[in-house]
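The values are calculated or read from the model by the stated rules, or taken from the named source; none is laboratory data. A quick note: this is a predicted structure, and the numbers were derived from the prediction, not measured. Because the Cβ atoms are built from the backbone with ideal geometry, glycine has one as well, and the counts that use them run over all protein chains shown. Ligands, DNA and RNA are excluded from the accessible area calculation, which covers all protein heavy atoms including side chains. Shrake-Rupley method; radii C 1.70, N 1.55, O 1.52, S 1.80 Å.
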Amino acid sequence: MDQEKLYIVMVGLPARGKTTVASKLKDNLRHDSINTRIFNNGELRRKMIRDDTSYAGFFDPRNRKGMAIREKIACINMEKARGFLRDGGQVAILDATNVSLERRKKIQAFLNDHPILFLECINEDEEILNASILRKIDLAEFGHLTQAEAIESFKQRIAFYESIYHPLEREKNFIRLDSLNNKILHEEIPGRIPYQDQIRDFLVTDTVKNLYLIRHGETYFNLEDRIGGDSELTENGRQQALALAEYFKKKKIPLIFTSQKRRTIQTAEPIRQMQEKCTIIPLSEFNEIDSGVCECMSYEEIRTQMPHVHEARKADKYNYVYPGGEGYATMKERIDRGIKKALYLSRPSDNIMIVGHRAVNRMILSHFLYRRTEDVPYIYIPQDKFYHIVATQDKKLFQLRRYAS
Ligand code: F6P
């Protein structure tokens, strides 16, 4: 058997990140000069079948016609994948739910010329699942339904898949992946399979093609050097937001992640308005550092009224925790969670935008680019410039750019 060729068969319920993971694998393998192609059943179904196949009942396992169509699509893609490996391809990725044992048996029987790695994507985070469903129903096939109807229909579709779902356990080579956290939950690869080391590494690494990291525009609190709170943008801050909107109007920004604070949402709003299609997603994970008893105080007030806080923070800013609040070190877990959510909800080719705060943006930067912890709380985060971050296999970029002249 030729050991240099491999099938990767995705497994998982709808909206569990399979396509994102498949495409991340493809990009990384191709970058390693490994000829890789994805065969996606959903795309082929939408291309080939003229009738409406978006309604939930189509996916009911008791719907014979629907089943026959889906099996046919699966077979066509299996044939194409076989042909691809025969004609010089090295890794063929089959992107479909493949949740039933029967389907997987069929795949194993048909794709018997090279090893298969089954890769199951798992994510049970309610909030992320709902946000993912919202992205799914953006597809043209849901265009004739209202948003509520489309959500209902997609949830029903998931329920049909759940009724025949068998998690991986007896297949020869498999990985079960927590696709939100890029964490391998279970791995069974008894022998060696081609490209095993690269694949494992790619699965657990965060990559971003273009991340625009912006700090909110100037606020009334900024003018007084006050921290925390929920202040609004000043006129200057609004002008900064408009300049950002103008700057980014030529780039496609499908999602803008903000905190739940008014200053980040007000900064994102004009940017959203200048885009053809763009949604703002406020995440609590990106709220500014909670300064506890010092919320809404100015740095000067803290220095004079709470000198112990001022001194202790100065001595070890990264590890210091405000009484009743947070510190940089204790924010890390939630910031990492916010980044995972933003990456999970974005398509691999998407430009990603985050509008955050000073401390939040320092932590986001340090997630992608190594900084000694003692230097993180001092990273420069201006309001008239933004960071452009690229973190892929072949490129690491960390550029501070001005958006207005
Ligand atoms: O712009 C002010 C601010 O975002 C505060 O809300 C926050 O406490 C502070 O910056 C974080 O910066 P530092 O850790 O340097 O005080």
* To do: Would you mind finding the one in 263, 313 that is in contact with an Asp or Glu (Cβ under 8 Å, 6 or more places away or on another chain) and either within 16 Å of the ligand (Cβ to nearest atom) or open to solvent by 30 Å² or more (accessible area, probe 1.4 Å) (or both)?
  => 263
* To do: Pull up the range 343-362, narrow it to residues that are part of a strand (DSSP E or B) and in contact with a helix residue (DSSP H, G or I) (Cβ under 8 Å, 6 or more places away or on another chain), then point me to the one that is farthest from the ligand (Cβ to nearest atom).
  => 352
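What residue, of 314, 340, 277, 332, is of a type in the set (Lys, Arg), farther than 21 Å from residue 220 by Cβ and not in a helix (DSSP H, G or I)?
Step by step, each of 314, 340, 277, 332 is checked, and only 277 is of a type in the set (Lys, Arg), farther than 21 Å from residue 220 by Cβ and not in a helix (DSSP H, G or I).
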* Please work out if residue 226 is open to solvent by 30 Å² or more (accessible area, probe 1.4 Å), within 30 Å of residue 303 (Cα to Cα) and of a type in the set (D, E, K, R). => yes
* Check off (1) open to solvent by 50 Å² or more (accessible area, probe 1.4 Å); (2) part of a strand (DSSP E or B) for residue 214 and give me the number that stays unchecked. => (1)
* Working only within the range 1-59, note down all residues that are farther than 25 Å from residue 146 by Cα and acidic (Asp, Glu). => 2, 4, 27, 32
* To do: Have a look at 74, 81, 92 and point out the one that is in a strand (DSSP E or B) and at pLDDT 95 or above.
  => 92
* Which residue pairs have Cβ atoms closer than 6 Å, lie 6 or more positions apart in sequence or on different chains, and pair a first residue in the range 203-224 that is within 30 Å of residue 26 (Cβ to Cβ) and touching a residue at least 24 places away in the same chain (Cβ under 8 Å) with a second residue that is outside any strand (DSSP E or B) and within 16 Å of the ligand (Cβ to nearest atom)? -> 213/361; 213/364
* Restricting the search to the range 363-392, which residues are hydroxyl-bearing (Ser, Thr, Tyr) and either within 16 Å of the ligand (Cβ to nearest atom) or within 18 Å of residue 286 (Cα to Cα) (or both)? -> 366, 373, 378, 380, 387
* Asked: Counting only residues that are part of a loop (DSSP other than H, G, I, E, B) and among the acidic types (Asp, Glu), which one in the range 149-177 is farthest from residue 134 (Cα to Cα)?
  -> 171
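Of the residues 64, 82, only one is buried (at least 16 other Cβ atoms within 10 Å of the Cβ) and more than 29 Å from the chain's Cα centre (by Cα); which? Before you say what the answer is, go through the steps one by one.
Working: 64 fails: buried (at least 16 other Cβ atoms within 10 Å of the Cβ).
It is 82.
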* Hey, any hits in the range 220-239 for a residue that's within 16 Å of the ligand (Cβ to nearest atom), assigned to a helix (DSSP H, G or I) and under 16 Å from residue 386 (Cα atoms)? -> yes
* **Output for the range 370-387, where each listed residue is within 28 Å of residue 225 (Cβ to Cβ) and either within 23 Å of the chain's Cα centre (by Cα) or free of Cβ contacts under 8 Å to residues at least 60 places away in the same chain (or both)** => 371, 372, 373, 374, 375, 376, 379, 380, 385, 386, 387
* Structure fact -> Cβ pairs under 6 Å, 6+ apart or interchain, first in the range 101-122 and of a type outside the set (Gly, Ala, Ser), second surrounded by fewer than 16 Cβ atoms within 10 Å (Cβ to Cβ), ordered by first then second residue, are 101/166
* **Hey, residue 8 under 30 Å from residue 197 (Cβ atoms), more than 20 Å from the chain's Cα centre (by Cα) and aliphatic (A, V, I, L, M) or not** => yes
* **Residue count for the range 29-61, restricted to those that are under 21 Å from the mean Cα position of the chain (by Cα) and open to solvent by less than 10 Å² (accessible area, probe 1.4 Å)** => 1
* How many residues are surrounded by 13 or more Cβ atoms within 10 Å (Cβ to Cβ), of a type outside the set (Ser, Thr, Tyr) and part of a loop (DSSP other than H, G, I, E, B) if we restrict to the range 373-405? -> 5
